[in-house]
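To start, the structure under review is shown below, and the notes come after it.
The values are calculated or read from the model by the stated rules, or taken from the named source; none is laboratory data. No experiment lies behind these values; they were computed from the predicted model shown. Backbone-built Cβ (ideal geometry, glycine too); neighbour counts: all protein chains shown. Protein only, heavy atoms only, side chains kept; ligands, DNA and RNA dropped before computing areas. Shrake-Rupley method; radii C 1.70, N 1.55, O 1.52, S 1.80 Å.
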Amino acid sequence: MMMKTKYLSGILTLAICAALTLNVKAQEKKESGVGKALDKTGKAIGKTATKVGNKTAEVAVKGTSKVADQTFKGKMAPDGSDVYIDGKNQKYYINKKGAKVYLKASQIKDRPEPKKK
């Protein structure tokens, strides 16, 4: 009697595991033409939102830096943007994502003179 109970409970456990496995596979997302288009549109909107956010941050931080810190006259960062000097005499520039990137003295370049006509 005891052996039959263990045997039946083992079979019942295997059956439950198999049913759960089949159920999980049935719920996988299948891509249709509309689903792919919506997914592509969602990614495009996400990329655009990221670009807008980065540009907003860049403009905001540059505006704050122009007011709060000094601009290093005649010098430029490796990417050609302005170099700022903070209160601790550290030199930095603002990257495309709006983050302050601190510079070593060797990274700061002289800004070329504008050509006269």
Q) Counting only residues that are surrounded by fewer than 16 Cβ atoms within 10 Å (Cβ to Cβ) and small (G, A, S), which one in the stretch 86-117 is nearest to G53 (Cα to Cα)? A) A99
Q: Spot the failing condition for N54; the list is (1) open to solvent by 50 Å² or more (accessible area, probe 1.4 Å); (2) modelled with pLDDT under 90, and only one is missed.
A: (1)
Q: Report yes if some residue within the stretch 92-99 is modelled with pLDDT of 90 or more and among the aromatic types (F, W, Y); otherwise report no.
A: yes
Q) If you take the residues in the stretch 35-49 that are open to solvent by less than 100 Å² (accessible area, probe 1.4 Å) and of a type in the set (A, V, I, L, M), which one is modelled with the lowest pLDDT? A) A37
Q. So which strands (runs of 3 or more DSSP E) are wholly in the stretch 70-117 and hold at least 3 residues that are under 24 Å from A57 (Cα atoms) and of a type outside the set (A, V, I, L, M)?
A. 70-76, 91-94
Q | Members of the stretch 85-111 that are of a type in the set (S, T, Y) and in contact with a Ser or Thr (Cβ under 9 Å, 6 or more places away or on another chain) | A | Y92, Y93
(Q) Can you go through V83, V61, V67 and tell me which one is among the hydrophobic types (A, V, I, L, M, F, W, C) and open to solvent by 80 Å² or more (accessible area, probe 1.4 Å)? (A) V67
